[in-house]
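Presented below is the structure to which this report refers.
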Amino acid sequence: MAEPTLRVFPNIQALSQAVAEDLGRQIRQTLEHKNRFSLALAGGNTPRAIHEHVAAQFSKTLSWSRVHLFWGDERYVPHDHPSSNYRMAQESLISRIDISPHNIHGMPTDALDPEDAALAYEATLKEFFKSEPPSFDLMFLGMGADGHTASLFPGTPAVQEQTRWVVPGQAPVAPAVRLTTTIPIILQARAIYFLIAGKDKAETLRSILQDPDAPAKYPTAKIFASAGAKVTCWTDESAYPGSRT
Ligand code: 6PG
(Lines give C-alpha, C1' and ligand atoms only; values in the text may rest on other atoms or scores of the structure.)
Protein backbone atom coordinates (compact mmCIF):
# COMPACT_ATOMS: atom_id res chain seq x y z
CA MET A 1 0.00 0.00 0.00
CA ALA A 2 1.39 3.41 -0.98
CA GLU A 3 2.38 5.66 1.87
CA PRO A 4 0.46 8.78 2.91
CA THR A 5 1.87 12.10 1.72
CA LEU A 6 3.40 14.24 4.47
CA ARG A 7 3.43 18.02 4.07
CA VAL A 8 5.20 19.99 6.79
CA PHE A 9 4.77 23.74 7.30
CA PRO A 10 6.56 26.20 9.60
CA ASN A 11 3.45 26.95 11.66
CA ILE A 12 -0.34 26.60 11.86
CA GLN A 13 -0.95 29.75 9.84
CA ALA A 14 1.17 28.57 6.90
CA LEU A 15 -0.43 25.13 7.16
CA SER A 16 -3.92 26.65 7.21
CA GLN A 17 -3.23 28.87 4.21
CA ALA A 18 -1.89 25.91 2.22
CA VAL A 19 -4.84 23.66 3.09
CA ALA A 20 -7.30 26.43 2.21
CA GLU A 21 -5.67 27.00 -1.18
CA ASP A 22 -5.62 23.27 -1.87
CA LEU A 23 -9.28 22.93 -0.89
CA GLY A 24 -10.18 25.72 -3.32
CA ARG A 25 -8.33 23.88 -6.08
CA GLN A 26 -9.97 20.56 -5.21
CA ILE A 27 -13.45 22.06 -5.26
CA ARG A 28 -12.91 23.91 -8.55
CA GLN A 29 -11.38 20.87 -10.28
CA THR A 30 -14.06 18.49 -9.02
CA LEU A 31 -16.91 20.79 -10.07
CA GLU A 32 -15.55 20.79 -13.61
CA HIS A 33 -16.74 17.19 -13.97
CA LYS A 34 -19.20 16.65 -11.08
CA ASN A 35 -22.28 18.61 -10.14
CA ARG A 36 -21.47 18.73 -6.43
CA PHE A 37 -18.60 18.49 -3.93
CA SER A 38 -18.99 16.75 -0.58
CA LEU A 39 -16.66 17.85 2.22
CA ALA A 40 -16.63 16.18 5.63
CA LEU A 41 -15.35 18.58 8.29
CA ALA A 42 -13.20 17.70 11.26
CA GLY A 43 -13.83 18.85 14.80
CA GLY A 44 -11.54 20.20 17.49
CA ASN A 45 -9.59 23.45 17.19
CA THR A 46 -7.06 22.92 14.41
CA PRO A 47 -9.57 23.35 11.56
CA ARG A 48 -10.69 26.78 12.81
CA ALA A 49 -7.83 28.71 11.18
CA ILE A 50 -8.23 26.66 7.99
CA HIS A 51 -11.92 27.52 7.83
CA GLU A 52 -11.11 31.20 8.35
CA HIS A 53 -8.59 31.15 5.48
CA VAL A 54 -11.10 29.35 3.24
CA ALA A 55 -13.77 31.94 3.98
CA ALA A 56 -11.35 34.84 3.50
CA GLN A 57 -10.12 33.56 0.13
CA PHE A 58 -13.15 31.84 -1.37
CA SER A 59 -16.32 33.30 0.13
CA LYS A 60 -17.10 35.06 -3.16
CA THR A 61 -15.21 32.96 -5.72
CA LEU A 62 -16.40 29.39 -5.13
CA SER A 63 -19.73 27.86 -6.17
CA TRP A 64 -20.81 27.15 -2.61
CA SER A 65 -24.27 26.26 -3.93
CA ARG A 66 -22.68 23.05 -5.20
CA VAL A 67 -20.70 22.26 -2.04
CA HIS A 68 -22.20 20.08 0.70
CA LEU A 69 -20.79 20.09 4.22
CA PHE A 70 -20.85 17.05 6.50
CA TRP A 71 -19.12 16.23 9.77
CA GLY A 72 -16.81 13.34 10.55
CA ASP A 73 -17.82 13.45 14.18
CA GLU A 74 -19.65 15.52 16.73
CA ARG A 75 -19.81 16.00 20.44
CA TYR A 76 -23.28 15.03 21.67
CA VAL A 77 -24.21 18.54 22.75
CA PRO A 78 -26.55 21.19 21.24
CA HIS A 79 -25.19 22.85 18.09
CA ASP A 80 -24.87 26.15 19.97
CA HIS A 81 -22.84 24.58 22.79
CA PRO A 82 -19.23 25.87 23.14
CA SER A 83 -17.93 22.32 22.56
CA SER A 84 -19.98 21.71 19.41
CA ASN A 85 -18.04 20.98 16.22
CA TYR A 86 -21.02 22.37 14.32
CA ARG A 87 -20.71 25.64 16.24
CA MET A 88 -16.98 25.87 15.51
CA ALA A 89 -17.64 25.45 11.77
CA GLN A 90 -20.58 27.85 11.93
CA GLU A 91 -18.41 30.56 13.50
CA SER A 92 -15.28 30.08 11.37
CA LEU A 93 -16.71 29.13 7.97
CA ILE A 94 -20.47 28.79 7.46
CA SER A 95 -21.35 32.28 8.73
CA ARG A 96 -18.75 33.73 6.33
CA ILE A 97 -19.74 32.07 3.05
CA ASP A 98 -22.89 32.10 0.92
CA ILE A 99 -24.03 28.51 1.36
CA SER A 100 -27.61 27.26 1.56
CA PRO A 101 -28.77 25.62 4.80
CA HIS A 102 -29.86 22.72 2.56
CA ASN A 103 -26.17 22.07 1.87
CA ILE A 104 -25.23 21.86 5.52
CA HIS A 105 -25.67 18.38 6.96
CA GLY A 106 -24.88 18.63 10.66
CA MET A 107 -24.92 15.55 12.85
CA PRO A 108 -28.16 15.60 14.89
CA THR A 109 -27.56 15.85 18.64
CA ASP A 110 -31.11 16.39 19.86
CA ALA A 111 -32.36 12.82 20.05
CA LEU A 112 -32.72 11.38 23.54
CA ASP A 113 -30.71 8.35 22.47
CA PRO A 114 -27.43 8.94 20.55
CA GLU A 115 -28.06 5.63 18.82
CA ASP A 116 -31.12 7.15 17.14
CA ALA A 117 -29.05 10.16 16.10
CA ALA A 118 -26.37 7.91 14.61
CA LEU A 119 -28.98 5.98 12.65
CA ALA A 120 -30.52 9.25 11.46
CA TYR A 121 -27.17 10.57 10.20
CA GLU A 122 -26.44 7.32 8.41
CA ALA A 123 -29.83 7.74 6.72
CA THR A 124 -28.81 11.30 5.75
CA LEU A 125 -25.65 9.96 4.12
CA LYS A 126 -27.57 7.21 2.31
CA GLU A 127 -30.09 9.79 1.06
CA PHE A 128 -27.29 12.05 -0.19
CA PHE A 129 -25.24 9.37 -1.93
CA LYS A 130 -28.27 7.32 -3.04
CA SER A 131 -27.02 4.61 -5.42
CA GLU A 132 -23.52 6.12 -5.67
CA PRO A 133 -20.69 4.85 -3.46
CA PRO A 134 -20.71 6.82 -0.17
CA SER A 135 -17.46 8.63 -0.99
CA PHE A 136 -16.88 12.09 0.39
CA ASP A 137 -14.90 14.04 -2.19
CA LEU A 138 -12.69 15.18 0.66
CA MET A 139 -12.62 14.37 4.35
CA PHE A 140 -10.81 16.47 6.92
CA LEU A 141 -9.69 14.58 10.03
CA GLY A 142 -7.76 15.67 13.09
CA MET A 143 -5.69 13.60 15.46
CA GLY A 144 -5.53 13.69 19.23
CA ALA A 145 -2.32 13.13 21.20
CA ASP A 146 -3.66 9.62 21.96
CA GLY A 147 -3.89 8.85 18.24
CA HIS A 148 -7.67 9.10 18.03
CA THR A 149 -9.31 10.57 14.97
CA ALA A 150 -12.89 11.72 14.53
CA SER A 151 -14.35 10.23 17.70
CA LEU A 152 -12.64 6.89 17.19
CA PHE A 153 -10.75 6.63 20.46
CA PRO A 154 -8.24 3.82 21.07
CA GLY A 155 -9.82 0.76 22.65
CA THR A 156 -13.45 1.83 22.05
CA PRO A 157 -16.00 -0.31 20.16
CA ALA A 158 -16.48 2.36 17.46
CA VAL A 159 -12.96 1.67 16.17
CA GLN A 160 -13.90 -1.96 15.46
CA GLU A 161 -17.19 -1.17 13.65
CA GLN A 162 -16.98 -2.68 10.17
CA THR A 163 -20.56 -2.33 8.89
CA ARG A 164 -22.26 0.84 10.08
CA TRP A 165 -21.19 4.24 8.77
CA VAL A 166 -22.10 6.26 11.88
CA VAL A 167 -22.18 5.11 15.50
CA PRO A 168 -22.19 6.63 18.97
CA GLY A 169 -18.68 7.03 20.37
CA GLN A 170 -17.20 7.27 23.85
CA ALA A 171 -14.48 9.80 24.62
CA PRO A 172 -12.20 9.76 27.67
CA VAL A 173 -12.63 13.52 27.89
CA ALA A 174 -15.79 15.62 28.14
CA PRO A 175 -18.08 15.69 26.27
CA ALA A 176 -17.89 11.94 26.67
CA VAL A 177 -20.77 11.06 24.37
CA ARG A 178 -20.00 11.50 20.68
CA LEU A 179 -21.25 10.60 17.22
CA THR A 180 -18.62 9.41 14.79
CA THR A 181 -18.20 8.17 11.28
CA THR A 182 -16.56 4.77 11.22
CA ILE A 183 -13.52 3.44 9.43
CA PRO A 184 -15.53 1.84 6.59
CA ILE A 185 -17.06 5.17 5.57
CA ILE A 186 -13.83 7.13 6.18
CA LEU A 187 -11.90 4.78 3.89
CA GLN A 188 -14.46 5.36 1.13
CA ALA A 189 -13.48 9.04 0.88
CA ARG A 190 -11.76 10.03 -2.36
CA ALA A 191 -9.19 12.00 -0.38
CA ILE A 192 -8.42 12.27 3.33
CA TYR A 193 -6.58 15.25 4.81
CA PHE A 194 -5.24 14.84 8.34
CA LEU A 195 -4.75 18.23 9.98
CA ILE A 196 -2.14 17.75 12.71
CA ALA A 197 -0.39 20.68 14.40
CA GLY A 198 1.25 21.35 17.74
CA LYS A 199 4.02 19.78 19.76
CA ASP A 200 1.59 17.71 21.81
CA LYS A 201 1.03 15.56 18.69
CA ALA A 202 4.75 15.05 17.87
CA GLU A 203 5.41 11.83 19.79
CA THR A 204 2.29 10.10 18.53
CA LEU A 205 2.79 11.25 14.93
CA ARG A 206 6.37 9.97 15.00
CA SER A 207 5.16 6.60 16.34
CA ILE A 208 2.48 6.42 13.68
CA LEU A 209 5.03 7.07 10.93
CA GLN A 210 7.71 4.74 12.32
CA ASP A 211 6.11 1.95 14.40
CA PRO A 212 4.90 -1.04 12.33
CA ASP A 213 2.52 -1.89 15.18
CA ALA A 214 0.96 1.59 15.18
CA PRO A 215 -2.23 0.54 13.32
CA ALA A 216 -3.11 -1.77 16.21
CA LYS A 217 -2.57 1.02 18.72
CA TYR A 218 -3.87 4.18 17.06
CA PRO A 219 -7.02 4.67 14.94
CA THR A 220 -5.18 7.37 12.99
CA ALA A 221 -2.49 4.84 12.04
CA LYS A 222 -5.17 2.32 11.06
CA ILE A 223 -6.45 4.84 8.50
CA PHE A 224 -2.94 5.79 7.34
CA ALA A 225 -2.20 2.10 6.73
CA SER A 226 -5.54 1.29 5.07
CA ALA A 227 -6.08 4.43 2.98
CA GLY A 228 -2.43 4.91 1.97
CA ALA A 229 -2.11 7.20 -1.03
CA LYS A 230 -5.51 8.78 -0.36
CA VAL A 231 -4.11 10.32 2.82
CA THR A 232 -2.27 13.62 2.96
CA CYS A 233 -0.99 14.57 6.40
CA TRP A 234 -0.80 18.35 6.73
CA THR A 235 1.36 19.11 9.71
CA ASP A 236 3.61 21.78 11.20
CA GLU A 237 7.17 21.71 12.49
CA SER A 238 5.95 21.52 16.09
CA ALA A 239 4.24 18.21 15.36
CA TYR A 240 6.91 17.01 12.94
CA PRO A 241 10.29 18.60 13.74
CA GLY A 242 12.95 18.30 11.05
CA SER A 243 11.98 18.47 7.40
CA ARG A 244 9.75 21.09 5.82
CA THR A 245 7.63 21.11 2.69
C1 6PG B 1 -13.21 16.23 18.00
C2 6PG B 1 -12.47 15.76 16.83
C3 6PG B 1 -11.15 15.18 17.15
C4 6PG B 1 -10.11 16.24 16.85
C5 6PG B 1 -8.80 15.88 17.50
C6 6PG B 1 -7.78 17.01 17.32
O7 6PG B 1 -14.44 16.26 17.94
O8 6PG B 1 -12.54 16.61 18.97
O9 6PG B 1 -12.99 15.57 15.70
O10 6PG B 1 -10.86 14.01 16.44
O11 6PG B 1 -9.96 16.36 15.45
O12 6PG B 1 -9.05 15.68 18.88
O13 6PG B 1 -8.29 18.15 17.96
P14 6PG B 1 -7.47 19.54 17.94
O15 6PG B 1 -7.51 20.01 16.52
O16 6PG B 1 -8.26 20.44 18.86
O17 6PG B 1 -6.10 19.24 18.42
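What are the residues in segment 50-69 that are within 16 Å of the ligand (Cβ to nearest atom) and surrounded by fewer than 20 Cβ atoms within 10 Å (Cβ to Cβ), if any?
Glu52
Got a number for residues in segment 224-245 being modelled with pLDDT of 95 or more, more than 13 Å from Leu141 (Cα to Cα) and charged (D, E, K, R)?
2
I'd like to verify a number: residues in segment 109-132 that are touching a helix residue (DSSP H, G or I) at 6+ places or on another chain (Cβ under 7 Å) and without any contact (Cβ under 8 Å) to a residue 40 or more places away in the chain, how many?
1
Being hydroxyl-bearing (Ser, Thr, Tyr) and either out of contact with any strand residue (DSSP E or B) (no Cβ under 8 Å at 6 or more places or on another chain) or crowded, with 23+ Cβ neighbours inside 10 Å (or both): is that true of Thr232 here?
In short, no.
Give segment 177-208 a look and list any residue that's touching a strand residue (DSSP E or B) at 6+ places or on another chain (Cβ under 6 Å), within 12 Å of the ligand (Cβ to nearest atom) and among the small types (Gly, Ala, Ser), or say none.
Ala197, the sole residue that qualifies.
So which pairs qualify, if the first residue must be in segment 164-181 and over 12 Å from Asn85 (Cβ atoms), the second must be among the charged types (D, E, K, R) and more than 10 Å from the ligand (Cβ to nearest atom), the Cβ gap must be under 7 Å, and the two must be at least 6 apart or on different chains?
Hits for this filter: Arg164/Glu122; Trp165/Glu122; Val166/Glu122; Val167/Glu161; Pro168/Glu115.
Which numbered condition in (1) of a type in the set (D, E, K, R); (2) surrounded by fewer than 13 Cβ atoms within 10 Å (Cβ to Cβ); (3) within 15 Å of the ligand (Cβ to nearest atom) is the only one that Glu127 fails?
Unmet for Glu127, out of (1) of a type in the set (D, E, K, R); (2) surrounded by fewer than 13 Cβ atoms within 10 Å (Cβ to Cβ); (3) within 15 Å of the ligand (Cβ to nearest atom): (3).
Restricting the search to segment 76-94, which residues are assigned to a loop (DSSP other than H, G, I, E, B) and acidic (Asp, Glu)?
Listed by number, the list holds a single entry, Asp80.
Pick out the one residue from Ala120, Ala89, Ala111 that is small (Gly, Ala, Ser), at negative phi and within 16 Å of the ligand (Cβ to nearest atom).
Details: Ala120 fails: within 16 Å of the ligand (Cβ to nearest atom); Ala111 fails: within 16 Å of the ligand (Cβ to nearest atom).
Testing whether each residue is small (Gly, Ala, Ser), at negative phi and within 16 Å of the ligand (Cβ to nearest atom) leaves just Ala89.
The values are calculated or read from the model by the stated rules, or taken from the named source; none is laboratory data. Predicted model only: the values in this text are computed from it and were never measured. In this analysis, Cβ positions are derived from the backbone assuming ideal geometry, glycine residues included, and neighbour counts consider all displayed protein chains.
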